[in-house]
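All remarks here apply to the structure that follows.
The values are calculated or read from the model by the stated rules, or taken from the named source; none is laboratory data. On a predicted model such as this, the values are computed, not experimentally measured, just so you know. No Cβ is skipped: glycine too gets one built from the backbone with ideal geometry, and neighbour counts run over all protein chains shown. These accessible areas exclude ligands, DNA and RNA; they are computed on the full protein's heavy atoms, side chains included. Shrake-Rupley method; radii C 1.70, N 1.55, O 1.52, S 1.80 Å.
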Amino acid sequence: MTGACQRVVVVGQGYVGLPLAMRLVEVGHDVVGYDVDENRVKRLAAGESYVEDVADERLLAALGSGHFQPTSQSRDCAGFDVAIITVPTPLKDGNPDLGYVEESGRTLARFLRPGATVVLESTTYPGTTDELLRPILEDGSGLTAGADFHLGYSPERIDPGNTEWGLHNTPKVVSGIDGRSLEAVSAFYGTFVERTVPVAGTREAELTKLLENTFRHVNIALVNELAMFASDMGIDVWEAIDAASTKPFGYMRFTPGPGVGGHCLPIDPSYLSWRVRRALGHSFRFVELANDINEHMPDYVVHRLMIALNRQQRAVGGSQILLLGLAYKRNTGDAREAPAADVAARLLSLGAIVSAADPYVVEEHVDPRVQRVECTAAELAGADAVILLTDHDAFDYEAVVASASWVLDTRHRLSGSNVEHL
Ligand SMILES: NC(=O)c1ccc[n+]([C@@H]2O[C@H](COP(=O)([O-])OP(=O)(O)OC[C@H]3O[C@@H](n4cnc5c(N)ncnc54)[C@H](O)[C@@H]3O)[C@@H](O)[C@H]2O)c1
């Protein structure tokens with residue numbers, strides 16, 4: 001994992017781009033962290049990380065090395081040997097929004113030089129690198145991809161909060177628009193990851209990422225639907241999942257939850273179904289079914305709460321409901337597309353008084369009508385019902401069981417006579 005120092009621009013300094021920039025600095029590259037968000041860039045320059053997986057000390061060390069330059073000035077991208085694009089790829093009215101990728105391409109095209117390499121890492125539908133990014137780079141630079149510069153795609157597999165599998169030891173799929181581009185992309189990634197996995201073309205690499213996320217999305221939907229049926233039939237689905245997970249082959253464990261969130265699962269499979277519909281005219285039925293089930297889960301959580309309150313002759317309206325966890329994922333502060341927001345919105349619309357505890361999620365991501373509280377014995381005891389939505393390790397689970405009158409545990413973290421599981 002060594003190689004000559006190169007000037008690398010990482011476009012987008014978010015959950016994907018910032019850890020990537022840190023790793024590149026640590027193996028000896030000269031890195032420009034370019035982001036259009038001036039506030040983010042100011043925080044980076046001050047040594048303040050906003051991504052949990054990057055500690056302030058690590059950022060400060062990168063800044064101190066003199067090899068990391070966070071910037072919001074596009075001119076600082078000049079002179080790059082390699083540029084990696086890690087900008088958002090959201091949905092707009094249910095369709096892929098490639099606006100950020102297009103903008104990044106236009107910026108890089110102005111500074112593209114013969115011999116340089118551009119790699120897209122943002123998750124997207126097959127064909128984006130070749131059909132969308134390539135002409136933008138060529139038109140803006142007057143150069144030809146393949147002949148003059150290298151172009152490839154490498155999907156990001158970052159799993160925020162995962163301490164075992166990080167960027168350096170997770171195999172990295174790499175691709176190029178032709179053999180020389182693949183060689184250049186592979187050689188560059190080989191300088192900072194333990195193993196690269198070359199694939200035949202950029203479309204295959206783009207599809208790889210969507211396959212991985214669609215696989216997760218569909219399997220989560222499967223256990224979510226099963227959880228709803230099992231509950232109605234009085235069967236403990238968690239017991240069955242634990243038992244099935246003892247099979248050493250042919251089974252992979254997925255668990256039910258209040259819905260899916262984050263930048264990936266609620267969005268990426270729709271990139272694939274959009275592409276299938278546009279290219280072939282069919283629907284991708286697995287994705288549509290999985291969307292349907294997973295999007296229904298926040299409603300189901302509220303339904304389970306209503307049934308529990310009903311047993312006590314109570315209504316949701318006027319009840320004090322405490323939500324534990326607002327992030328979509330445990331031990332992170334990422335509340336993007338988190339099902340907690342949908343659960344809170346439904347409860348509020350029914351007239352509940354909703355409070356929430358989450359040690360990681362910052363205020364700006366939460367509905368202002370939700371009162372932010374600490375997960376204390378007094379708050380737990382004061383609530384008519386508690387819903388555990390994100391099982392952060394930071395919560396004191398013994399206190400939850402000891403103090404709460406009733407808990408709906410959507411993550412199977414608790415046990416007790418006052419606890420019901422999803
Ligand atoms: N977060 C994850 O766990 C994860 C995992 C795998 C793949 N991905 C994919 O990686 C991509 C990036 O995701 P993220 O979570 O890092 O997003 P993010 O929102 O955390 O960060 C993206 C950054 O890009 C910046 N940006 C937007 N347009 C720009 C431009 N034209 N020039 C420079 N900077 C620009 C934004 O200001 C933001 O800081 C997405 O396609 C996502 O699907 C994310």
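Need at least 1 residues that are closer than 25 Å to Val260 by Cα per element, so show me which strands (runs of 3 or more DSSP E) inside segment 136-245 make the cut, counting only ones lying wholly within it.
Hits in segment 136-245: 172-176.
Regarding Tyr300, is this residue within 16 Å of the ligand (Cβ to nearest atom) and either in contact with a Phe, Trp or Tyr (Cβ under 7 Å, 6 or more places away or on another chain) or open to solvent by 10 Å² or more (accessible area, probe 1.4 Å) (or both)?
no
Rundown of residues vs (1) within 16 Å of the ligand (Cβ to nearest atom); (2) surrounded by 16 or more Cβ atoms within 10 Å (Cβ to Cβ); (3) free of Cβ contacts under 8 Å to residues at least 60 places away in the same chain, yes/no style:
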| residue | (1), (2), (3) |
| --- | --- |
| Ala344 | no, yes, yes |
| Ser355 | no, yes, yes |
| Asp358 | no, yes, yes |
| Ala377 | no, no, yes |
| Ile387 | no, yes, no |
| Asp393 | no, no, no |
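Within 11 Å of the ligand (Cβ to nearest atom) and surrounded by fewer than 21 Cβ atoms within 10 Å (Cβ to Cβ), is that true of Pro96?
Taking the combined requirement at face value, the residue does not satisfy it.
Out of Phe254, Phe249, I need the residue that is open to solvent by 10 Å² or more (accessible area, probe 1.4 Å) and closer than 20 Å to His296 by Cβ. Which one?
Phe254
Is it true that Val119 is within 14 Å of the ligand (Cβ to nearest atom), without any contact (Cβ under 8 Å) to a residue 60 or more places away in the chain and not in a loop (DSSP other than H, G, I, E, B)?
Judged against the criteria, Val119 is not a match.
Pick out the one residue from Arg58, Arg23, Arg40, Arg75 that is charged (D, E, K, R), within 11 Å of the ligand (Cβ to nearest atom) and either modelled with pLDDT of 95 or more or under 22 Å from Gly190 (Cα atoms) (or both).
Residue meeting the stated conditions: Arg40.
So Phe111 ticks every box in (1) buried (at least 18 other Cβ atoms within 10 Å of the Cβ); (2) within 16 Å of the ligand (Cβ to nearest atom); (3) under 30 Å from Gly333 (Cα atoms); (4) among the aromatic types (Phe, Trp, Tyr) but one. Which box is left unticked?
(3)
Select from segment 17-65 the residues that are in a loop (DSSP other than H, G, I, E, B) and among the hydrophobic types (A, V, I, L, M, F, W, C) and write down the one among them that is surrounded by the most Cβ atoms within 10 Å (Cβ to Cβ).
Among those residues, the one meeting the criterion is Val51.
Would you confirm, using the coordinates I've provided, whether Asn224 is open to solvent by 10 Å² or more (accessible area, probe 1.4 Å), more than 16 Å from the ligand (Cβ to nearest atom) and not aliphatic (A, V, I, L, M)?
Considered against the rule, which asks whether it is open to solvent by 10 Å² or more (accessible area, probe 1.4 Å), more than 16 Å from the ligand (Cβ to nearest atom) and not aliphatic (A, V, I, L, M), Asn224 comes out as no.
Out of His303, His282, which single residue is in a loop (DSSP other than H, G, I, E, B), without any contact (Cβ under 8 Å) to a residue 24 or more places away in the chain and more than 16 Å from the chain's Cα centre (by Cα)?
None of the others qualify; the one that does is His282.
Looking at Ala4, is it open to solvent by 40 Å² or more (accessible area, probe 1.4 Å), away from the ligand (no atom under 14 Å from the Cβ) and in a loop (DSSP other than H, G, I, E, B)?
For Ala4, the condition - open to solvent by 40 Å² or more (accessible area, probe 1.4 Å), away from the ligand (no atom under 14 Å from the Cβ) and in a loop (DSSP other than H, G, I, E, B) - is met.
Taking the residues in segment 138-166 that are open to solvent by 30 Å² or more (accessible area, probe 1.4 Å) and among the charged types (D, E, K, R) as candidates, determine which candidate is farthest from the ligand (Cβ to nearest atom).
Across segment 138-166, the extreme among qualifying residues is Asp148.
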